[in-house]
Amino acid sequence: MIADLTKPLVVALALGLATSALAQEAATPPAADATATETPAPETPAADTPATPGTADAATDLPLGAPAVAADGIGSTYTSETFGDWQLQCVRTEDGNDPCQIYQILKDAQGGSVADISMFALPAGQKAAAGATIVTPLETLLTQQVTLQVDATPAKVYPFTFCNKTGCFARVGFTQAEIDAFKKGNKAVLTVVPAVAPDQKVVTTMSLSGFTAAYDAVVKANADNK
């Protein structure tokens, strides 16, 4: 079972601001050209759906090479606002122009944390309208990738990018059509496969309650910080 994935450095990593080693990566929006493929809708999880595919102690497992950050210091993360099931999280910077993203922890039927997702808008004119990072526990079966389905629309598959001590990361780009589907939808179902049980699936719901207000807020927040 993964613990609290809201630790500041996880969010900083998603924004590409955690360390100077990530600065060059931050200059290029994460997976802006990533593509998704359609796949049949994920199966409804059986009553004996296995537990979360891996574990991580977020209190100690920080991104590799990342220094400790004071709770209210430069590089720390704070929640600016909450919209339904989404948080507007921002990273403190020296000049006060704090970059923000929207964030949600995804849980299974038993209330255990299965994954988290963070998202922020990208500059206009690109193939992807938004960048997103999906984090799943270690011991996720990477070859099965991440499946995401909004309501009854065909599910799409996104590849993992890398893993570290915190978990496994899928850094993807969502098109404007996909963002619009999130705004209009009721829920999205995210599915991963545990490496220890490759014939089974772990299914969790990404709530879309408050998504429209949260996404509009992060667009405005980052525009105001330019």
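The values are calculated or read from the model by the stated rules, or taken from the named source; none is laboratory data. Computed from a predicted model, the values in this text were never measured in an experiment. Cβ: placed from backbone, ideal geometry, glycine included. Neighbour counts: every protein chain shown. When the accessible area is computed, the model is the full protein with side chains, heavy atoms only, and any ligands, DNA or RNA have been set aside. Shrake-Rupley method; radii C 1.70, N 1.55, O 1.52, S 1.80 Å.
Can you tell me which residue among 154, 159 is under 17 Å from the mean Cα position of the chain (by Cα) and over 19 Å from residue 207 (Cβ atoms)?
Step by step, each of 154, 159 is checked, and only 159 is under 17 Å from the mean Cα position of the chain (by Cα) and over 19 Å from residue 207 (Cβ atoms).
Among what's in the range 208-220 and is touching a strand residue (DSSP E or B) at 6+ places or on another chain (Cβ under 6 Å) and either β-branched (Val, Ile, Thr) or surrounded by fewer than 21 Cβ atoms within 10 Å (Cβ to Cβ) (or both), pick the residue that is farthest from residue 124 (Cα to Cα).
Step by step, filter the range 208-220, then rank; the result is 210.
If residue 162 satisfies all but one of (1) within 23 Å of residue 198 (Cβ to Cβ); (2) among the aromatic types (Phe, Trp, Tyr); (3) in contact (Cβ under 8 Å) with a residue 40 or more places away in the chain, what's the number of the condition it fails?
With (1) within 23 Å of residue 198 (Cβ to Cβ); (2) among the aromatic types (Phe, Trp, Tyr); (3) in contact (Cβ under 8 Å) with a residue 40 or more places away in the chain applied to residue 162, the lone miss is (3).
Against the conditions (1) in contact with a Lys or Arg (Cβ under 9 Å, 6 or more places away or on another chain); (2) modelled with pLDDT of 95 or more; (3) over 21 Å from residue 89 (Cβ atoms), where does residue 180 fall short? Just the number, please.
Tallying (1) in contact with a Lys or Arg (Cβ under 9 Å, 6 or more places away or on another chain); (2) modelled with pLDDT of 95 or more; (3) over 21 Å from residue 89 (Cβ atoms), residue 180 fails exactly one: (1).
Taking the condition at pLDDT below 95 and either over 16 Å from the mean Cα position of the chain (by Cα) or part of a strand (DSSP E or B) (or both), does residue 135 pass?
No: the conditions fail for residue 135.
Considering every residue within the range 194-201, establish whether at least one is outside any loop (DSSP other than H, G, I, E, B), open to solvent by less than 10 Å² (accessible area, probe 1.4 Å) and free of Cβ contacts under 8 Å to residues at least 40 places away in the same chain.
no
Can you pull out the residues in the range 138-158 that are part of a loop (DSSP other than H, G, I, E, B) and open to solvent by less than 50 Å² (accessible area, probe 1.4 Å)?
Listed by number, the list holds a single entry, 141.
How many residues are open to solvent by 20 Å² or more (accessible area, probe 1.4 Å), over 16 Å from residue 171 (Cβ atoms) and not in a strand (DSSP E or B) if we restrict to the range 100-129?
The qualifying residues number 7.
Which one of the conditions (1) part of a strand (DSSP E or B); (2) within 25 Å of residue 223 (Cα to Cα) does residue 189 fail to meet, given that it meets all the rest?
Here residue 189 clears every test but (2).
Return the residues of the range 163-182 that are over 19 Å from residue 127 (Cα atoms) and either assigned to a helix (DSSP H, G or I) or of a type in the set (D, E, K, R) (or both); say none if nothing qualifies.
Selection gives 165 alone.
Out of the range 192-206, which residues are over 30 Å from residue 124 (Cα atoms) and within 15 Å of the chain's Cα centre (by Cα)?
Across the range 192-206, the qualifying residues are 192, 204.
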